[in-house]
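Worksheet for the structure shown next.
The values are calculated or read from the model by the stated rules, or taken from the named source; none is laboratory data. Remember, predicted model here, so these are calculated numbers, not experimental data. Neighbour counts are summed over all protein chains in view; Cβ atoms, including those assigned to glycine, are modelled from backbone coordinates with ideal geometry.
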Amino acid sequence: MEAPAAFRIVLLGESRNGKSSLANTIFGEAIFFVKNFNDMNSFATKAQTKLVNGKNFTLIDTPGLFDSGRSLEAVKPELLRCIVECAPGPHVFLIVLKVEKYTEQEEDVIANIRRYFSDDALKYAAVVFTHGDQLPEGMEIKQYADQSDGLRELVEKCGGRCHVFDNRYWKNNQEDNYRTNKFQVAELLNTIDKMLMENRGGFYRSKTLNDIEREMQEEIKLLKLSAENMSEDEMRQQVKSVVLKKQLKKTFWKKVSVGAAGVGLGVGLLALLIISGLNSTSNVAEESAVEAAQTVLHQKAEQAIPNTFEAICDYLNALFERTYNPFCPFD
């Protein structure tokens, strides 16, 4: 019997905001690995599915994809991994922030999220605060958010959806029911139910997500020809790694072609400058000028091509090490 379809929930936010701990709190067990402060190998997207309160949820725990200072080039592999995991689109985004002063750094992270997914994504989003022990006594999280213009605007754009957790100190036997993760999980699940109803069970879409889903469906069709006993979900899990590798390869060769075009353009401009300068001497020297230009072009090309291919090899090796594990392609 096929398992019920899972609702895809993507956790977004800055590094060390507690996304993995929040995912474990929602699932009620330690499924996601909680990164250490100095863990240099933790920049990876993870996805897990579990039945919670009668619904199948796939939580997609992302690293700090939109941290200030991270270039798009540096995070592109994990962005692709996230997109493949949540295709054809996430039903819910959880924007994870800490209960602390809303700084320019956090504003940059939110701006990057909105820039990449567009403001339309906020119709499917809720703001979730962690480190709830920092919430002033007697104050609820919406009151806290109202104290900052930036936070108030963000929560309003997310339909007023706002929750708070504390993954370390809050206990379920406290007298203050509001300040328990059990209460907040129930409230968050209610919010998710309302969002699904408001969006009629729909999910966030984009051209990139549509393209990825189309490619996955093509791979599933091919897999069906040789894998008769696999379920749809099993086939989908298998083709994810195939599609991801193809997407990473496309990204790599696009970068290579841009780099090669840059080398060609530079050599071409150099040729124009040399010929122009030499032609200004005399017509008698025209043939010598062309020969000199060709010699210089040949020398420059000999220098540029090895450097280009050296850069290509370095990039390919780094990409290979970052994305491939023969035992689990998503580690």
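Identify the residue in region 202-227 that is of a type in the set (A, V, I, L, M, F, W, C) and in contact (Cβ under 8 Å) with a residue 12 or more places away in the chain and, among all such residues, is surrounded by the most Cβ atoms within 10 Å (Cβ to Cβ). So the residue we want is I212.
Evaluating S71 against the criteria (1) closer than 19 Å to E156 by Cα; (2) surrounded by fewer than 17 Cβ atoms within 10 Å (Cβ to Cβ) leaves one unmet condition, (1).
Quick one: would you say Y178 is in contact (Cβ under 8 Å) with a residue 12 or more places away in the chain, aromatic (F, W, Y) and either assigned to a helix (DSSP H, G or I) or outside the structural domain of A44 (by TED's automatic domain parsing) (or both)? Steps first, answer last, please.
Values: in contact (Cβ under 8 Å) with a residue 12 or more places away in the chain: yes; aromatic (F, W, Y): yes; either assigned to a helix (DSSP H, G or I) or outside the structural domain of A44 (by TED's automatic domain parsing) (or both): yes.
Considered against the rule, which asks whether it is in contact (Cβ under 8 Å) with a residue 12 or more places away in the chain, aromatic (F, W, Y) and either assigned to a helix (DSSP H, G or I) or outside the structural domain of A44 (by TED's automatic domain parsing) (or both), Y178 comes out as yes.
Scanning region 88-147 for residues that are among the basic types (K, R) and in contact with an Asp or Glu (Cβ under 6 Å, 6 or more places away or on another chain) yields a total of 0.
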